[in-house]
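Chemist: Here it is, the structure, as structure tokens.
Taken together, the values in this text are just the output of simple stated rules run on the coordinates, not laboratory data. Quick caveat, the model's predicted, so the values are computed rather than measured. Here Cβ is always computed from backbone atoms with ideal geometry, including for glycine, and neighbour counts include all displayed protein chains.
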Amino acid sequence: MSGRSWAAIGFLAALWGASYLFIKLGLEDLSPAMVVFLRTALAALVLVPLTLRRGAFAGLRTRVGAIVFLAAVQVAGPFLLISIGQEHISSSLAGILVASAPIFTVLLVLSLDGRDGATAWSFVGIATGIVGVGLLLGVDVGGDGAALLGALLVVLASFGYAVGAIFLKRRLSGLQPVGVVTATMTASAVLVLPLAALTAPAEVPGAQALGAMLALGIGGTGIAFYIFYTLIANIGPAKASLVAYIAPVFAVLYGVTLLDENVTAGTLVGLVLILAGSWIAAEGRRPGTARQAAHAPPRPLREPAVREAA
């Protein structure tokens, strides 16, 4: 990849890693539903003009049902689960747990397509990632029931990301990606609006919470998705998905330096296990070895993971 592509991946990872920080700040004055509504509505406002200029809404009129389903399982649902979860756990822990999404993607592909082409390393990766999640739930959460529930909600959100990625690949391929994400963000804002209205704050939120929502909606969601889909178009989904392995590191850095969150040795070990397990499971090979040659058995587990990191 070019230096420009690497710079774009680094910038995108920094944006997505900051999403958990902005969610945490927004939750000080806003309900989880309001956080989700504001970030998706702001993202749609950023993306709609670009989508109209490119004519990227073409073909979506006959896919309304699919768009609404995708919005529910990959955006509105996971965003809401993460926001609720972050009321009870740190932003850094949420960022790490979300990185388990590729593990669920591989498990779903195996269940849908069978084990043809799966390697022993695929299952090693799955097991490694699960151990990492279990370590975080046991060490970082411990016996705190509310924190455990919050962490499990974030893990469930990761499962939603995986379901959405596979659904997007199989049911909405052939459409312009920026059109799909714009329609999905718009639909997500509409879906969560009733709950957001019911939990609207009685007073005007503080400047910090409002600033966090602007940064989360415009930067961490709208601009971030635009950069992500530009990367997919320029370097392909496999290389673009590398951002998913870098963003959690930024989430931890922001949490420690800006929110004074505590990160233990167990947290770091869990992070390494989840990231390593996700990579090995998705690739089906040991780190440091080359990809299988063209004449080698097929590797159908590599589903392009099109997902939001927070």
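Chemist: Can you check how the C-alpha radius of gyration of the range 83-216 compares to 2.2 N^0.38 Å, as a plain ratio? Before the final figure, lay out each step's value.
Modeler: On the way: Rg = 18.1 Å, N = 134, 2.2 N^0.38 = 14.1 Å.
Cα Rg divided by the expected 2.2 N^0.38 Å: 1.28.
Chemist: Hey, what did the chain get for relative contact order, percent, Cα under 8 Å, at least 6 apart?
Modeler: On the way: 514 pairs, mean separation 131.3, N = 310.
42 percent.
Chemist: Applying a 10 Å radius around every beta-carbon, put 260-269, 102-111 in order of their mean neighbour count, most first. Before the final figure, lay out each step's value.
Modeler: Working: 260-269: 13.5, 102-111: 22.3.
The most tightly packed comes first, giving 102-111, 260-269.
Chemist: Would you indicate which of (1) 28, 25, 17; (2) 33, 24, 18; (3) 37, 30, 18 is the value of semi-axes √(5λ) of the Cα gyration tensor in Å derived from the coordinates of this structure?
Modeler: Calculated semi-axes √(5λ) of the Cα gyration tensor in Å: the matching label is (1).
Chemist: Based on the Cβ-Cβ distance from Ala265 to Ser111, what FRET efficiency comes out when R0 is 30 Å, to the nearest 0.05? Let's see the in-between values first.
Modeler: Details: r = 34 Å, r/R0 = 1.15.
Plugging the Cβ-Cβ distance into 1/(1 + (r/R0)^6) gives 0.30.
Chemist: Would you please put 248-255, 189-196 in order of how densely packed they are, using the mean number of other Cβ atoms within 10 angstrom per residue and starting with the highest?
Modeler: On the way: 248-255: 23.0, 189-196: 19.1.
The packing order, highest mean first, is 248-255, 189-196.
Chemist: For the chain, what does -39500 (n - 2.57) per DSSP helix run (n ≥ 4), summed and divided by total residues, give at 222 nm, in deg cm²/dmol to the nearest 500?
Modeler: Mean residue ellipticity, 222 nm, calculated: -22000 deg cm²/dmol.
Chemist: Let me ask something else. Given points 7 Å out from each Cα along the Cα-Cβ axis, report the Glu203 to Ala127 separation in nanometres with one decimal.
Modeler: Label at Glu203, label at Ala127, 5.5 nm between them.
Chemist: Next question. If I model a spin label at Val272 and Ala233 as a point 7 Å from the Cα along the Cα→Cβ vector, what separation in nanometres do I get?
Modeler: For the pair Val272/Ala233, the computed spacing is 4.0 nm.
Chemist: Right, something else. Full extension from Ser2 to Ile218: what is 0.36 nm times the residue separation minus their Cα-Cα distance, to one decimal in nm? Walk me through the numbers before you get to the answer.
Modeler: Numbers: separation 216, 0.36 × 216 = 77.76 nm, distance 2.64 nm.
Answer, rounded to one decimal: 75.1 nm.
Chemist: Explain nothing, just compute: Karplus ³J(HN,Hα) = 6.51 cos²θ - 1.76 cosθ + 1.60, θ = phi - 60°, for every residue of the range 52-69 in order, whole Hz, x for Gly and Pro.
Modeler: 5, 4, 8, x, 7, 7, 4, x, 7, 4, 8, 10, 4, x, 5, 5, 5, 4
Chemist: 7 Å from Cα along Cα→Cβ at both Glu28 and Arg54: what's the point-to-point distance in nm?
Modeler: My value for the distance between the label points is 3.6 nm.
Chemist: How are the alpha carbon pair distances in the range 1-153 distributed across 10 Å bins from zero to the largest one, expressed in percent?
Modeler: Over the range 1-153, the share of Cα pairs per 10 Å bin runs 9, 26, 34, 25, 6, 0 percent.
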